[in-house]
Structure formats: C-alpha cells, structure tokens
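Written below as structure tokens is the structure these notes are about.
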Amino acid sequence: WKHSTYYNTPSRLVILIREMCNSIIDQACRFISGEQIFSLIENEEANAAVEQLLLVLKVCGKFKSTYFDYKTKVASECPQNQWSIQNGALFARLDCFIERSHDILDLTKTIIQFSKLAKVEIGGTKGDTLTSTIQQIKDDFQRSVDAVKNLEYDIMDIKAAQFDNEYSQFRKFVKEIERRLGAVIGLALDDCETVYGRFQLVDTFDRQLLDRPIIQDEVEVKQIVLIQSYGKDLKVIQEEFLQHRCSPPKDTMRNLPPIGGALTWCRGLIARVKIPMKKMQELDRNILDREEAKEVIKVQKAIMSSLLDFEKQKIEEWGRDVESTSGAKLELPLLRRSEESRQLVTNFDPALVRLLREVKYFLLLGLSVPDSALQIFQSADTFRAWTGNLDLIVNMNNSVLNSLLPVEKPLVDPYLAKFDVAIHPGLESLNWRSNGVAKFIGDSMEQVKVV
C-alpha cells in the first residue's frame, strides 16, 4: 500500500478483497457441502460436521479480523491514504456466507439434539404413553429435516436465496416441536413419585436440548417445584438421621454387623442427599440463583456435614475396639471343655466373627481398615476352614457323650482317653495364631472317628 503504483487505490482494493472473499467462499463450499453435512449426520458423525462448519466460520472471521488489523495499521502509517471504504462494499457476500454457515450450524446442532430423543424411555404409570409421544415428536422432526435434505440445491450455496424461506419454515416448525416436547417433559415430571426419579428424568434429556428457550420456559416451573420437593426430602432425611443415629433402623441392618450396618444406613442417607444435589447443580444458572435453591444448597451442606461426622465417628470407634481386642482374642485356645459334662466348644470368639464381617463390609464400602484387622481378615478362609472342622469334631464328641449309656462307658473310656490326649494341645497350648493347627485338626479328626 505504501509502495504500490497501481493497487493502492480504494477501487482496486475493493476488487482485491472481494476476489479474496469469493475464493474463500468457493474453497469453503468444496471443504463442506450440504450433501456432505447430511451424509455425516446419517453416518452418526454429526459432530464432525459441526467441527467443519466451525472451522469455516473461524477462517472467515480470521480473514475479516486480519483486514481490520491492517486497516488500523494503514491509518497509523499512511494517514494521507487510509482505507476509508464501507465494510458492506467489501464483505457483503462473505457476510452473507457467514450468516448461511451460522444457519447451517444451528440446523446441524438442532438435529444432533433432537436425534437423542430416539433413546429416551420414560417410566412411571404414564411412561408408555409419554414415550410414544416423544417418539412421534422425533418422527415429525425427522420429516422436517428430510424436507431440507431433499432440497434441489446445495444449502451452502448463497446464490440459492430461497433457502432463507425454507430455513424460516424449519425454525417455525422446530418451535412448535419444542412446545410439544416441553409439555411432555412437564407431564413426565408430574408423574414421577420420587425426587431422585425426577432428577433422573431431567438427566435423560440432552442438556443443550433442555436449554433451548421454549423448552426451558416450559420446564423451568417444574424444575422449581422439583427443587422445593428436594428441600422437603432433605428435611425428612434430617429427621430420620436425628431420630435413629443412636440406633439405626433394624430393617436396614438385616444380616449386617453393627458398625457395618450403621455405616450402610448412613451411606444410604448420604446417597439420598448427595446424588440429587449433583443433578441439581446441572440445572440452569437462573434457577440455581433463586432463593429457594440457595436455601436447599445450604441445608444439604449442613446435613452432609452431620452424616460425614457420624461416619467418621463410627469408624474411629470401631478402630479403637479392633486395636484393643483383636490380638487378645486370637491368643485364646482352640477349644474349651466343660468340667462337669466334659463336652467341648469351639473357642472362636464371637467378637472375631463380628470383626471379620465388619472388615468385609468396610471393604465393600471402600473404607480404610486398620492393618491389624486387615491381617486377620486375610486369614478369614483359613479360620473358616478350621472352625468348620473343629465344629465337626466337637459335635461328634458331644454326640457320643450324650448318647453314651453308663454300661457302655467302661468300653469306650480307653478310646475317649486317647481322644483326650489328641485334643489336649487344643485346650492348652494351641491358639488361633499357632503353627500346627491343621495337623492338630487332622489328628483329632482321626481319633474322634475311632470313638
């Protein structure tokens, strides 16, 4: 521009910029055409079409911004010969192409959002009817897309001005579809009985689809009611926790050890508090900024804090008991004998049984376990085998003693004496940490079978 003899005039600059714009438009149409866009959509690669359209818009925007950068540079370096040309004279055709690309991008994104309705299934008492209605909406939308797809011209061609009318009709139809879909979602939310179910329903639909203004207006009132229902559910949870924290409900602890049962009950409450909040945080910012939403968030944080404190307390309480009792219980002899009846009892302390069960459920809940308890749990299968065999030996011995008649006793005494010698280590020296327990059980089994 400084040194050119022939091309540093406005008229020549206009021609150059226009030719460059035309070249960019032609190259963009070769890069991505209407036919290619619909081919990608049919092959479930619509996101690739979106990326290509965004790249086209990026290139066009970059070209314009580069022009304006140099226009500013010319103004400072050549104040006597500035680029004082109306933008419309330069970029009219490129702006038209950019607008068309934005329309096609919106069309493609809309197709992506509505295509996800094909996988939507609604439960509840009206689930089948509502699901069928959604599929009908999806089919109606697809017919409107097919109408655009079957146009006789390339939708990226800006010379096809009739596309503007076609696209306007498409947008009007989409708005009607959005109203119908919003109404269906509202009915589905009314039909859900639980707070979690309603959040799950909202999560079923594509987030960008729910953010479309018409659908958002239809669903927003229901979402506010949903937040209020969640707030009521939090109060119920809080009351339940305060009422049962000292003694968790037995129906939630069936077949569970005391601490594991209490923690399982607590985890259930945490899930009821935490999961809906995670879904709630994904709602529109305008809804979350409302006072009722802020109050619910405040209450939820307070309840979560109480539940986590309870969990921590129970874990610490159990950890102290484990450290103080587990070692001593393993030092007990394998067997105990009644001095009066001479009957035997397997001496595996119930506290150890409870310990093994607690560790099992701690691990299932993903909680940390003290090393001493974990070492005992690693031998759980061994203890189970030992106690099973010892119980068998004990029962066989006790059965003989219970059924033995006085006249038979002199005949059996020698065998009982040999059996007593065999089991003596289990009564006196062998404990649950000793070596040789397996051999002791084998020897005792042989002797009791002889008896």
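The values are calculated or read from the model by the stated rules, or taken from the named source; none is laboratory data. Treat the numbers as computed from the prediction; the structure is a model and nothing was measured. Virtual Cβ from ideal backbone geometry, glycine too; neighbours counted across all protein chains shown. For accessibility, only protein heavy atoms count, side chains too; no ligands or nucleic acids. Shrake-Rupley method; radii C 1.70, N 1.55, O 1.52, S 1.80 Å.
Can you give the helix-only mean residue ellipticity at 222 nm for the chain, where every DSSP H stretch with n ≥ 4 adds -39500 (n - 2.57) and the sum goes over all residues, rounded to the nearest 500 deg cm²/dmol? Mind showing how you got there, number by number?
Details: 17 runs with 337 residues, N = 451.
Calculated from helices alone, the mean residue ellipticity at 222 nm is -25500 deg cm²/dmol.
Can you tell me, using C-alpha contacts under 8 Å and at least 6 residues apart, the relative contact order of the chain as a whole percent? It would help to have the intermediate numbers written out before the result.
Details: 353 pairs, mean separation 46.8, N = 451.
It rounds to 10 percent for the chain.
Find the relative contact order for the stretch 1-107 and round it to a whole percent, using C-alpha pairs within less than 8 Å whose residues are 6+ positions apart. List each step's numbers first, then the result.
Details: 52 pairs, mean separation 39.2, N = 107.
About 37 percent, as a whole number.
May I ask you to give the solvent-accessible area per residue for the stretch 127-239, in square angstrom, as obtained with a 1.4 angstrom probe? List each step's numbers first, then the result.
Details: 5790 Å² over 113 residues.
Per residue, the stretch 127-239 has an accessible area of 51 Å².
Take 137, 112 and sort them by solvent-accessible surface of the protein heavy atoms, 1.4 Å probe, largest at the top.
Reading off the accessible areas and sorting them downward yields 112, 137.
Taking the Cα centre of each part, how many Å lie between the stretch 247-270 and the stretch 121-167?
Result: 51 Å between the Cα centres.
Which whole number in µm²/s is D for the chain by Stokes-Einstein, with the Kirkwood Rh taken over Cα pairs at 20 °C and 1.002 mPa s?
On the way: Rh = 30.4 Å.
This corresponds to a translational diffusion coefficient of 71 µm²/s.
So, with a 1.4 angstrom probe, what is the percent of accessible area on the chain that is carbon and sulfur?
Numbers: 12920 of 25490 Å².
Solvent-exposed carbon and sulfur of the chain make up 51 percent of the total.
What's the FRET efficiency of residue 161 with residue 271 using the Cβ-Cβ distance as r and R₀ = 51 Å, to the nearest 0.05? It would help to have the intermediate numbers written out before the result.
Details: r = 57 Å, r/R0 = 1.12.
It comes to 0.35.
Going Cα to Cα from residue 64, which lysines come in below 20 Å? Please leave out same-chain ones fewer than 8 positions away.
Correct list for residue 64: 73.
Magnitude of the Cβ-charge dipole of the chain, K/R +1 and D/E -1, about the Cα centre, nearest 20 debye? Please list the in-between numbers first.
On the way: 59 positive and 64 negative charges, 161 e Å.
The calculation lands at about 780 debye.
Just grab the label-to-label distance for residue 30 and residue 439, each label 7 Å out from Cα along the Cβ direction, in nm (one decimal).
Roughly 8.9 nm, to one decimal.
With equal scatterers on the alpha carbons only and no solvent term, can you work out the Debye log10 of I(q)/I(0) for the stretch 100-165 at 0.15 1/Å?
For the stretch 100-165 at q = 0.15 Å⁻¹, log10 I(q)/I(0) is -0.58.
What does a probe at residue 68 reach in the stretch 81-109, counting residues whose amide N is under 16 Å from the point 7 Å along Cα→Cβ?
Taking a point 7 Å out along Cα→Cβ of residue 68, the residues of the stretch 81-109 whose backbone N falls under 16 Å are 83-92, 94-96, 98-99.
For the stretch 283-336, which GluC sites (Glu not before Pro) are in a loop by DSSP, counting at most 14 other Cβ atoms within 10 Å?
Numbers: sites: 291, 292, 295, 311, 316, 317, 323, 331; in loops: 331.
Passing both the DSSP loop test and the Cβ count: 331.
What distance in nm lies between label points placed 7 Å from Cα along the C-beta direction at residue 2 and residue 391?
Simple spin-label model gives 9.8 nm for this pair.
How far, in nm, would the chain grow between residue 281 and residue 11 when pulled straight, counting 0.36 nm per residue and subtracting the alpha carbon separation?
Numbers: separation 270, 0.36 × 270 = 97.20 nm, distance 5.67 nm.
Once the chain is fully extended between residue 281 and residue 11, it gains 91.5 nm.
Measure off 7 Å from each Cα along the Cα-to-Cβ vector at residue 96 and residue 250, then give the distance between these two points in nanometres to one decimal.
Distance between label points: 8.3 nm.
Roughly how many whole Å is it from the C-alpha centroid of the stretch 39-69 to that of the stretch 374-451?
The stretch 39-69 and the stretch 374-451 have Cα centres separated by 82 Å.
Compute the accessible area per residue over the stretch 315-360, keeping the other protein chains in place, probe 1.4 Å, unit Å².
On the way: 2530 Å² over 46 residues.
For the stretch 315-360, the per-residue accessible area is 55 Å².
What pairs in 172/279; 232/274; 232/278; 58/119; 126/298; 235/298 have C-alpha atoms more than 23 Å from each other?
Values: 172/279 31 Å; 232/274 15 Å; 232/278 17 Å; 58/119 33 Å; 126/298 34 Å; 235/298 12 Å.
172/279; 58/119; 126/298, as the Cα separations exceed 23 Å there.
Which residue, 260, 76, 248, has the largest displacement toward the positive end of the dipole of the chain when charges sit on each Cβ (Lys, Arg +1; Asp, Glu -1)?
Checked the options; the winner is 76.
In straight Cα distance, which lysines are under 26 Å from residue 449, not counting same-chain residues fewer than 8 positions off?
Candidates past the 8-residue exclusion: 409, 418, 439.
Per residue Cα convex hull volume for the stretch 202-316, in cubic angstrom?
Values: hull volume 12.9 nm³, N = 115.
Taking only Cα atoms, the stretch 202-316 has a hull volume of 112 Å³ per residue.
Starting from the Cα of residue 175, draw a straight line to each of the aspartates and glutamates and keep only those under 16 Å, dropping any in the same chain fewer than 8 residues away.
Partners found: 103, 106, 139, 140, 166, 211, 217, 218.
Which is the longest part of the chain that has none of the chymotrypsin sites (Phe, Trp or Tyr not before Pro) sitting in a DSSP loop with at most 15 other Cβ atoms within 10 Å? If you can, show how the numbers build up before the last one.
Working: sites that count: 1, 6, 7, 153.
Excluding the exposed sites themselves, the longest stretch runs over 154-451.
If the label point is 7 Å along Cα→Cβ of residue 47, which residues in the stretch 108-142 have backbone nitrogen under 11 Å from it?
none
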